[in-house]
Amino acid sequence: MSSLIDVENLTLQFKTDEGLITAVDNVSFSLKKGEVMGLVGESGSGKSVTAKALMHLNARNAVYSPESKITLHLDDREVDVLSLRKPSELQVVRGGAISMIFQEPMASFAPAITIGKQMVEQLMLHGDMSKAKAKEISVEMLDRVGISDAHKRFDQYAFELSGGMRQRAMIAMALSTQPKLLIADEPTTALDVTIQAQVIDLMKDLVNEFHMGIIFITHDLGVVAQTADKVSVMYLGELIEEGPVREVIRTPAHPYTQGLLSALPKLDDLDAPLTPVPGDIPSPLERPSGCVFHTRCSQVVGDQCMKALPERYDLDGNHSVSCHIYPKGARA
Amino acid sequence: MRPQEATGYGTELMLQFGRFVLTRALMALLTLIIVSLVVFSLMELVPGDCAERYLAFKNTQGSGISVADIEVERQRLGLDKPFLTRWTIWITNAFQGEFGDSCILRVNIANLLGQKFWFSLGICLASLVLAYAIAIPVGIIAAASNNATLNNTLKFISYFGLAMPNFLLALMIMLISTVWFGETLTGLFSKEYRDAAWSWAKFVDLLKHAWLPIFILGWSATAFALQTVRALMSDEIGKLYVTAASARGVFGRKLLWNYPARHALGPIVNSLGFDLNRIFNELPIVALILTLTEAGALLIDALARSNDQQLAGAIIFLLTASIVTLNFLTDVMLAVLDPRVRKSILR
């Protein structure tokens, strides 16, 4: 399968009154067509910022390093995302070939505009179609994601729908333009567990039907295990481990990933104590030297952890990790 | 089948909206009645009544007054009737624009106030409109722009507007106009029009004079409104739905006006009633300097100098009625603008 999007050496800093804050440091990954990738990390790990970079959507004070490169491969052309400047050029990555679903469906719909109006607006921005046609497609999409009475919902406002319904409407809106890549930023975090399962099932169906790539941002490894083909773990702006979802979950290589997994409650062994990763994610203003995780790591191997940024080490298959535990030069 | 259903739904909505407007109107009326009771009670709390006050005034003019005279006067004015009866009579008349006679001046209050109240209200409303006509577009653009120079300039102007007292501005403008242009900008009419019947020329003359108080009152009101609009807009711009809309490819003016600006409008409308009150409070000082004989100055005169409770009550009642009416209108506007408000009342 060919590549859909390539992210190379993405480094992103925010200019603030306190100085430059590094949010993403030299992150590279790529996603194939129809592939589902889980992007996992605590809040502040840079996963949302990374995702927004794909749409060139970060705040105005964001500074990309000159080495950063994001390439979107479309059927007819290649798009160098970070070189897009004009809003009209940006539309291809904003709601055109890439769509995004946000964590809070309530807050991501404009409160005083009907759902239908917002859907029609997006469709008419991205395709040359009449209002009537846009409405037809919108209602069809609402129907497709399992919203009953789609005709009526079309004229309703977000506050009139239930939480699960809103997220379905959000998904319908995101998919209406038939994007090649869907970015889902914690799409199920704000939902009840039962609704979560429904929404995840829906998303899985839609991936197959529309054959698009999905980047699933979450802090919930359980959700990733159910949905993703591969997973990337981020910590403080660094991509520390990536690989096929089963391998990473069964044999996590990085101490942080191991920590995240042992912090999950186990239903088959309720007496097992939860072992959270100790400490808090450091403030981005006080980025640790060397390996950024060493301040919380239980497996520090020596001075190099405090001094040198670990290099990427390839384990078997596509599984790789950035950690000093693994010997330099002993690449597989 | 569907179009008919839709029409049915529409008619139902219209009916519900009509009911909402009616309820709000009744509530406004109720507010006004309660306010009138408070105002009337306050009028009563002032030591002495109208009869005493008038005769005491007469006394200072040299006429001898006896207790019997006061009693006669009281009966003539109906002051011997019970409190509630008097209030009922007062409020019934007040709603018809009839406020009886001034205690001291012995002339009909409606005649005395005449057009003064309407001029005052007109000047205040015009200042309010001026303030928001400037503040809404400028505030929205300032909040959306990250141009530091523009933002700092606006901040400076706006703080300057807030810090500069109205009377000082009025004095400065008058000084400049008199010294440089040899024109006195006082009063609302030129001499030849003051007692003339209404005509187009008189109206033009009014505008020629009224711009100054409108400008002076609008000055600080604009500064204030600018702060409000900017703050509300900055707040809305930071919200997720704006990011979500730009993630869908909405950009430029469409994004700005349809999303944050559209949603900031509700709270702005909400602040109108409060602003009118503030402007009216500032009117007397400005009016004093510009020698406008407007209702605010008359109120201060009635309260402070002559203790004319009838006149003061009438003005306070009219002012409250204006604010209650404006609040009623903003409530209805809010329901039209914001579906959340609309849906919460239409059930």
task: Tabulate in residue order the Karplus-calculated ³J(HN,Hα) for the range A:88-102, using 6.51 cos²θ - 1.76 cosθ + 1.60 with θ = phi - 60°, rounded to whole Hz; enter x for Gly and Pro.
output: 5, 6, 5, 4, 4, 9, 10, x, x, 7, 10, 10, 10, 10, 9
statement: Treating only Lys and Arg (+1) and Asp and Glu (-1) as charged, each at its beta carbon, one finds that the protein assembly as shown has a dipole about its Cα centre, in Debye to the nearest 20, of 1360
task: Determine ³J(HN,Hα), in whole Hz, for all residues of the range B:48-54 in sequence, where each value follows from phi through the Karplus function 6.51 cos²θ - 1.76 cosθ + 1.60 and θ = phi - 60°; x replaces Gly and Pro.
output: x, 10, 4, 5, 4, 4, 5
C-alpha long axis of helix B:148-163 to longest principal axis of chain B, angle in °: 10
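What value, in deg cm²/dmol to 500, does the helix sum -39500 (n - 2.57) over DSSP H runs of n ≥ 4 give at 222 nm once divided by the residues of the protein assembly as shown?
It comes out at -17500 deg cm²/dmol, rounded to the nearest 500.
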task: Scan around residue A:238 for amide H atoms under 5 Å from its own, H built in the peptide plane at 1.01 Å from N, and keep only partners 5 or more places away or cross-chain.
output: A:25
Euclidean distance of C-alpha centroids, the range A:142-177 and the range B:50-71, integer Å: 78
statement: For the range A:247-301, listing trypsin sites (Lys or Arg not before Pro) in a DSSP loop whose Cβ sees at most 14 other Cβ atoms within 10 Å gives A:266
statement: Given pairs A:152/B:254; A:135/A:204; A:33/A:135; B:155/B:239; A:180/A:307; A:47/A:135 and cut-off 30 Å on Cα-Cα distance, the over-length ones are A:180/A:307; A:47/A:135
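Rank by packing, highest mean first: peptides A:98-110, B:62-74, with packing defined as the count of other Cβ atoms within 10 Å averaged across residues.
Listed from highest to lowest mean packing, they are A:98-110, B:62-74.
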- request: Would you tell me the mean number of C-beta atoms belonging to other protein chains that fall within 10 Å of each C-beta in B:30-40, as a whole number?
  value: 0
message: Taking the 0 to 90 degree range and rounding to the nearest ten, how far is the long axis of helix B:200-237 tilted relative to the main principal axis of chain B, both from C-alpha atoms?
response: 50
- prompt: For the range A:49-148, what is the Kirkwood hydrodynamic radius in Å, using each pair of distinct C-alpha atoms?
  reply: 15.5
message: Going by average Cβ density within 10 Å per residue, which order do the peptides A:312-325, A:63-76 take, highest to lowest?
response: A:312-325, A:63-76
message: Counting only other chains, and only Cβ atoms inside 10 Å, what mean value do you get across the residues of A:174-180?
response: 1
statement: Excluding residues fewer than 8 positions from residue B:202 in its own chain, the lysines with Cα under 19 Å of it are B:116, B:191
query: In degrees, nearest 10, range 0 to 90: what is the angle between the Cα axis of helix B:116-144 and the longest Cα principal axis of chain B?
result: 20
- prompt: Taking every residue in A:110-119, how many Cβ atoms of other protein chains lie within 10 Å of its Cβ, on average?
  reply: 5
- request: Determine, for A:220, A:155, A:280, the number of other Cβ atoms within 10 Å of each Cβ, and report the residues in order from fewest to most.
  value: A:280, A:155, A:220
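The numbers here are math on the coordinates, done by the rules we state, and not lab data. The structure displayed is predicted, hence computed values, not measured ones. Don't worry about glycine lacking a Cβ; one is built from the backbone with ideal geometry, like all the others, and counts go over all protein chains shown.
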